[in-house]
Amino acid sequence: MGRVFFFIGEGMRALRRSAAPGLASIVTVCITVLLLGVLIPVLQTTNGKTNQVRDQVGLRIFINDVNGQQAPADQVDALKAKLAAIPHVKQVTFVSKDAALGILSQRLKQDNRQDITAQLPGSHNPLPASFSVAPDDLSNLPSIRAAITPPGANGQPAPISPLISDIGDSRDDASKISGATTAIRWVLGVVAALLLVASLLLVANTIRLSIYARRREVEVMRLVGATNWFIRWPFMAEGLVCGLIGAAIAIGFLFLGKQVIVDPLANNFNLINSGHTIGFANLALVLVCVAMGVSAMGSGLTLRRFLRI
Amino acid sequence: MARRQTSELLRTRPTKPARRPEHLTEQRARPPIVEMRRVTKVYPGGHVGLEHVSLRVDRGEFVFLVGPTGCGKTTLIKTLIRELQPTEGEVLIAGRDIASLSDKKVPQLRRRIGTVFQDYKLLPSRNVYDNVAYALQVIGASRSEIRRKVPDALRLVGLADKVKNFPDQLSGGEQQRLSVARAFVNHPPLLLADEPTGNLDPNTSIGIMQVLYRINRTGTTVVVVTHDREMVDKMRRRVIALQDGHVIRDQAAGTYTADDESTREFALRLREEMGVEDEETRY
């Protein structure tokens, strides 16, 4: 235990005596953490948004009216069970005629055109009932469609139920959205990876410089008979402290940014107010651990060059 | 004290006696503290640092290693602490071939050999006290042990009043003495000093030599590398001369002074013979 305190004390002493290299490490770590702290939520939000868009794409199966009225509930339930049994179907939702009208008037209201639905005569509802079928993945949409309308006796596609009047054809939309979201994911992924590599190299290089400045000291320690780990621990302790301070400063800035910029906007912008992002406390914890780990490991690994006997 | 360290060193396994049957019994009892057998060191560029150097230093000896610049003195010292590995031949410390030591054991070897370097090799970020304490910290000494031994070592070299100073606040002689204190603080059985009086004035040099002499009298074997001929002649100790990587002279006998000369008498004699004024006794 005394050893642990000794090593931490040694690390702090080095920081006190030669503040410049330590300061450089702290600033580098701080910038990197800031970058990561902004990047991680942005990536998550984007990913979450594209997922939301992908989730909204599905099949819409319209159902025939029976005698101008909605089809009986037992028939509807039977069809729903059939649809749900198809492979790759994640969810089947029934939208009744009334619900469909509700959605339409809601949308028109947003555009200040509620007068359109108001013009409908009496209780007449022209909208059909429908099922919305969500696939587990966008790419499985064609196979689900094929399962609903297998080829009949004459080779033409025939629906599995006479209730089905039409299948909303969103195939083009689906493939477009699928392509776009994949591209966005790739671009963001590559950008994130490049930034991560660049920042790691930056941290590693700063640490390397600060240790290079003290290589003579390391040599002396070796010649006095210090074991490699005895030399390494103080440097790693120093790295831990630098990482901690750098990360703490960066997290302070991130918190400030969140309070001042992001939170006021969150109510107005759907994009920012996304449920998919990591909580701030968790984000801070992850960043602190990464920063301390990277700078301690960086110190330890860089030292290896100077520890050769 | 010296006896204890000698027995510690003896604990390392001697090399197979079969190699030197003529010294079998003697070898078992007390292997010389330093033994070099036809050691050759060729540097990567082809420069020959040492060529077929064989020598023996027995326990408790005070040996000078002299020769012109570039004759291989420092190379020889470096092979003794395995900072350099010889190209050929064997280096035995206390009967153990140090080439057979694993890299992990090298620090153990270096802890048992105190080394005073030509360029002092002090830790710039530590004050006088902590520089000396570091040599004890690396061997895992307790805090009370450090508190006891460091002031002793600093008193020995006359730096007791500068414990808080940093190396760059010390004069050359003081840095050199600090280096000696660090080398000696854990009372190693062998002390190597590479040009300890390299660029110091005669009076300061005598002070350093006096400290080394005092250390030698505690039973520690001392090997001093120097090109200060005058000093060597006056000290009347064994002299090994190197030239172009060869041992050209190994003069053990001659006008050896009695071992019971006190440190003070020793310094007085040196000052007198070298024509240096006797200041008040500083050390």
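With the alpha-carbon atoms as the only input, what is the per residue convex hull volume for the stretch B:2-274 in Å³?
Each residue corresponds to 140 Å³ of Cα convex hull volume.
Could you go through the stretch B:191-208 in sequence order and give the Karplus-derived ³J(HN,Hα) for each residue, using 6.51 cos²θ - 1.76 cosθ + 1.60 with θ = phi - 60°, rounded to whole Hz, and x for Gly and Pro?
Calculated HN-Hα couplings, in order: 10, 10, 10, 9, 6, x, 10, x, 10, 10, 5, x, 5, 5, 4, 4, x, 5 Hz.
Determine, from the Cβ-Cβ distance of A:GLN91 and A:SER18 and an R0 of 51 Å, the FRET efficiency 1/(1 + (r/R0)^6), rounded to the nearest 0.05.
Plugging the Cβ-Cβ distance into 1/(1 + (r/R0)^6) gives 0.25.
Subtract the Cα-Cα distance of A:PHE280 and A:VAL38 from 0.36 nm times their separation in residues, and report this length gain in nm to one decimal.
That works out to 86.0 nm of additional length.
What does the charge count near A:LEU101 come to, summing +1 for each Lys or Arg and -1 for each Asp or Glu among other residues with Cβ under 13 Å from its Cβ?
Net of charged neighbours comes to +2.
If you average the sequence gap of Cα pairs under 8 Å that are 6 or more apart and divide by the length of chain A, what percent do you get for the contact order?
32 percent
Apply 1/(1 + (r/R0)^6) to the Cβ-Cβ distance of B:THR263 and A:VAL190, taking R0 = 60 Å, and write down the FRET efficiency to the nearest 0.05.
0.20
Using a/c under 1.5 as the rounded threshold, could you call the stretch B:56-203 rounded, prolate or oblate? The axes a ≥ b ≥ c are square roots of the C-alpha gyration tensor eigenvalues, and prolate needs a/b larger than b/c, oblate otherwise.
Cα axes put the stretch B:56-203 in the oblate bin.
Let's test the formula: R0 of 25 Å, r as the Cβ-Cβ distance of A:ALA147 and A:ILE103. What FRET efficiency results, to the nearest 0.05?
0.40
What per residue convex hull volume, in Å³, comes out for the protein assembly as shown when only alpha-carbon positions are used?
253 Å³
Take A:SER96, A:SER175 and order them by how many other Cβ atoms sit within 10 Å, fewest up front.
So the ranking, lowest neighbour count to highest, is A:SER175, A:SER96.
Near A:LYS82, which lysines are there with a Cα under 22 Å away, not counting those fewer than 8 places off in the same chain?
Correct list for A:LYS82: A:LYS90, A:LYS97.
Under a point spin-label approximation (7 Å from Cα along Cα-to-Cβ), what is the A:ASN154-A:LEU200 distance to one decimal in nm?
It is 6.3 nm.
Can you sort B:ARG269, B:ARG110, A:ARG214 from fewest to most other Cβ atoms within 10 Å of each residue's own Cβ?
Placing the least packed residue first, the sequence is B:ARG269, A:ARG214, B:ARG110.
Among A:ALA192, A:PHE235, A:ALA81, whose Cα lies farthest out toward the positive end of the dipole of the protein assembly as shown, if unit charges sit on the beta carbon of Lys, Arg (+1) and Asp, Glu (-1)?
So the residue we want is A:PHE235.
Holding the Cα-Cα limit at 30 Å, pick out from B:LYS41/B:LYS104; B:LYS121/B:LYS234; B:LYS73/B:LYS105; B:LYS105/B:LYS162; A:LYS49/A:LYS109 the pairs that are longer than that.
In this structure, B:LYS105/B:LYS162 lie more than 30 Å apart at Cα.
For the pair A:ARG3 and B:ARG249, how long in nm is the line joining their label points, each one 7 Å along Cα→Cβ?
Between A:ARG3 and B:ARG249, the simple spin-label model gives 5.0 nm.
So how do B:ASP194, A:ASP115 line up by other beta-carbon neighbours within 10 Å, fewest first?
A:ASP115, B:ASP194
Equivalent ellipsoid semi-axes for chain A, as square roots of 5 times the alpha carbon gyration tensor eigenvalues: give them largest first, rounded to whole Å.
64, 23, 15
Given Cα pairs under 8 Å that are at least 6 residues apart, what percent is the relative contact order of the stretch B:2-274?
Once divided by the residue count of the stretch B:2-274, the mean separation gives 24 percent.
Give me the number: length gained by fully extending A:ALA84 to A:ASN51, i.e. 0.36 nm times residue separation minus the C-alpha to C-alpha distance, one decimal in nm.
Extra length from A:ALA84 to A:ASN51 when fully extended: 9.7 nm.
Can you tell me how the stretch A:60-112 classifies by the Cα gyration tensor, rounded, prolate or oblate, using a/c under 1.5 as the rounded cut?
Oblate is the answer for the stretch A:60-112, as a/c is 1.5 or above yet b/c matches or exceeds a/b.
Please compute, for peptide B:138-146, the average count of beta-carbon atoms on other protein chains lying within 10 Å of each residue's beta-carbon.
2
Can you tell me the alpha carbon radius of gyration of the stretch A:58-169 divided by the globular rule-of-thumb value 2.2 N^0.38 Å?
Cα-based Rg divided by the globular estimate yields 1.19.
Bear in mind that the values in this text are calculations on the coordinates, not laboratory data. None of these values were measured; they are calculated from a predicted model. All Cβ positions, even for glycine, are placed from backbone atoms using ideal geometry, and neighbour counts span all protein chains on display.
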